[in-house]
Amino acid sequence: MLQLALAIWGIVVLFTGKLKVSSNKVVEGTAARLLGLLMLAPLPLAFMAGMAIGVWAAANGRSIDDIRMPLMAADVGLVIGTAVLVFGIAHAIGKPPGQTQFPQPWNPNQYSPPKFPPPGPPADPNNPYHPPQF
């Protein structure tokens, strides 16, 4: 049930591109969509782990009823760990609503170009090995 709720929320975030972390923190855009995709990760991971454990149990002659509680604990731990990871990242990168998620784009006129090559010392007229600079 917890896994399904996280997956549905992940699909909503994936399509809307907006993850509200708290009343004063929001993640928008590509970062929110990547976090929504990460919310969907427990589904295939739990499926692969369940298949691997099922094959191991069948190969060793054990019944699934013997390992039902460890499987459920692993599934709940996977979902809670993913939720903590997603909301930890979202809390770290979240901005107040209305503020841009990323810095302003680069302005080519923001910085003056450096003088290249840098001016050297004036030429010594008495040095025959140093060519004069024009």
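Taken together, the values in this text are just the output of simple stated rules run on the coordinates, not laboratory data. Note that the coordinates shown come from a computational prediction; the quantities given were computed from them, not determined experimentally. Virtual Cβ from ideal backbone geometry, glycine too; neighbours counted across all protein chains shown.
Remarks
- Dipole of segment 2-93 [Lys/Arg +1, Asp/Glu -1 at C-beta], most positive-end residue of M51, I11, V27: V27
- Per-residue extension of 0.36 nm, minus the Cα-Cα distance of S23 and D65, leaves a gain of 10.7 nm for this segment.
- Dipole magnitude of the chain, debye to nearest 20 (Cβ charges: Lys/Arg +1, Asp/Glu -1, about Cα centre): 320
- Quarter of the Cα convex hull surface for the chain, i.e. its orientation-mean projected area (nm²): 18.1
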